[in-house]
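Comments concern the structure below.
None of the figures in this text is laboratory data; all of them are computed from the coordinates on show. Keep in mind the model is a prediction, meaning the values are calculated, not measured. Note that each Cβ is placed from the backbone with ideal geometry, even for glycine, and that neighbours are counted across all protein chains shown.
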Amino acid sequence: MRMPMLIIWIVGSFFVSLIKLPANVHADVPDAIRVGATVSVSGKFATEVGPFQRLLKAWADEVNRRGGLYLKKYNRKLPLQLVTYDDRSDAATARRYYERLVTVDGVHLLFGPYSSPLTFAASTASEQHQVPFIAICANSPKVYDRGFKWIVCIIDAAPRYTYRYWEMVQAEAKARSVGFVVEDTLHPVGVYKGSRKLAEQAGLKVLVGEVLPADTGDFTPIILKLKKLNPDIVYVSSNIPFAVAFMKQAKELNLSPREFHCIHHSGVFRQPLGPAADYVLGQSYWEPGMKYSDPDRFLSLLKEAKIDLDDYPWSPAYMMAFEVAEAAMNQAGTLDPAVLMKTMKGLRITTLGGPVWFADNGVGTINTYPSQIQHGKYQIVWPAEVATAKHIYPTPAWADR
């Protein structure tokens, strides 16, 4: 009688374990994919990215309406849970909130803040706690020369930020000289250093390269110098407030080169300048008419977030970050941070702005296209395969002198 009882006990234990097994498996399944970020809703960068909390929410809501993202390890779709804070355009505040996102909010993935200085500070939290971090609008080499392993960046390094512009200048063979006016902050200085070399490689003579404090109020000395030197191109490497102040004073003092190039020339640059902004060259990641990826999806998210593309030209870079995050999680099939990070580093996908992959230090391949304000509209002018209009050079104002 003892043997049958032993068999009954073993069989019974086996079935009890089967009953308990699913509960133990499900206990390891996250209830959501937690994504964290800060946005400069206030402070000096609010004019550049202030409404992007709405864009992040529009993305999360759209994914959740589709049931979430499928992750193979858990054999189910998981919803996105978004956690955002206002970093107030301040590096120390950003660093503090990213520490909170990791240690208190328990996020699985981080999107970086706007600008290189804020990203430089914020990414230390992800590196310390080993949480994948997708930098978006932050391409100063100083961010990526620290040997960090837990960061990738959507966009190419700052020295190459305007390389397509210099390709166009060289191909057209019309401009002969350039004068640089530079805001002394990480991104503008990085862009300037690369652009100066690219201009020289394109055959232009650099007549002046003036690096000025970010809080410069009086541009008279450099404007008078530019008038005397008369470069074909006046190239302003700066954030928007600096560029607007410079352009207003340049117009007042009748500085009229064959072309102004202001690297950031969005709607919040154009609006305070009015007609003076017409024919200014700058950089854009995407304009309607470009056919990479899924433009209709992006435009739908912009509409839901109530964001005007001309006013906020960095929004395509955020869309590309969303695409990278989705592809990485789909391919990894798990939220395990090491697997997710390794998968992200190995991605090679086509995004809204074109193909993207990442170098060993995390720097991406997406770069801007030269765009010109023509009659109040932004037009990509190079290269021919994505151009939406022809480059107008010299400007009519100069031609009519």
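So, by mean Cβ neighbours within 10 angstrom, what's the order for 267-280, 121-134 with the highest one leading?
Working: 267-280: 17.9, 121-134: 21.6.
My ranking of the peptides, most packed first, is 121-134, 267-280.
Where in region 343-385 are there trypsin sites (Lys or Arg not before Pro) that are in a DSSP coil and have at most 13 other Cβ atoms within 10 angstrom of their Cβ?
Details: sites: 345, 348, 377; in loops: 348.
Loop-located and lightly packed - 348.
Straight-line reach from residue 342: which lysines fall under 18 Å, measuring Cα to Cα and dropping same-chain residues less than 8 apart?
Residue 342 reaches 72, 73, 149.
Of 113, 380, 237, whose Cα points farthest to the positive end of the dipole of the chain (charges on the beta-carbon: +1 Lys, Arg; -1 Asp, Glu; origin at the Cα centre)?
In the chain, that residue is 113.
Pull up the cross-link candidates among the aspartates and glutamates for residue 291, meaning alpha carbon to alpha carbon under 14 Å and not fewer than 8 places away within one chain.
Within the straight-line limit of under 14 Å, residue 291 reaches these aspartates and glutamates: 385.
For the pairs 193/228; 142/251; 197/345; 174/227, note any where the Cα-Cα span goes beyond 31 Å.
Values: 193/228 24 Å; 142/251 35 Å; 197/345 29 Å; 174/227 19 Å.
Too far apart for the 31 Å limit: 142/251.
Taking the chain on its own, what percent of its Cα-Cα pair distances exceed 39 Å?
25
Once the piece of chain linking residue 390 and residue 103 is laid out straight, how much longer is it, given 0.36 nm per residue of separation minus the C-alpha distance between them?
So the extension gain works out to 98.2 nm.
Report, to the nearest 10°, how far helix 295-305 tilts away from the longest principal axis of the Cα atoms in the chain, using its own Cα long axis and a range of 0 to 90°.
So the helix axis and the longest Cα principal axis differ by about 90 degrees.
Ranking request for peptides 213-224, 248-259: highest mean number of other beta-carbon atoms within 10 Å first, then the rest in descending order.
Ranking, from highest mean packing down: 248-259, 213-224.
Please report how far the C-alpha centroid of region 215-260 lies from that of region 351-401, rounded to the nearest whole angstrom.
The two parts, judged by their Cα centres, are 21 Å apart.
Using packing as a proxy for protection, rank 169-182, 226-239 so that the peptide with the highest average count of other Cβ atoms within 10 Å comes first.
Result, highest mean first: 226-239, 169-182.
Report, in degrees rounded to the nearest 10, the 0 to 90 angle that the Cα long axis of helix 220-229 makes with the longest principal axis of the chain.
Taking Cα atoms only, the helix is inclined about 60 degrees.
On a straight-distance basis, which aspartates and glutamates could pair with residue 77 in a cross-link, Cα separation under 18 angstrom, same-chain partners fewer than 8 positions away excluded?
Candidates past the 8-residue exclusion: 28, 31, 61, 62, 323, 326, 336.
For region 131-282, what does the alpha-carbon gyration tensor say about shape, rounded, prolate or oblate, given a ≥ b ≥ c as the root eigenvalues, a/c under 1.5 as rounded, and a/b over b/c as prolate? Don't skip to the answer; put the middle values down first.
Working: a/c = 1.92, a/b = 1.48, b/c = 1.29.
Prolate, because a/c is 1.5 or more and a/b exceeds b/c.
Sequence gap at least 6, Cα distance under 8 Å: using those rules, report the relative contact order of the chain to the nearest whole percent.
16
May I ask for the angle, rounded to the nearest 10°, between helix 52-65 and the longest principal axis of the chain, with both axes built from Cα atoms and the value confined to 0 to 90°?
It works out to around 40 degrees.
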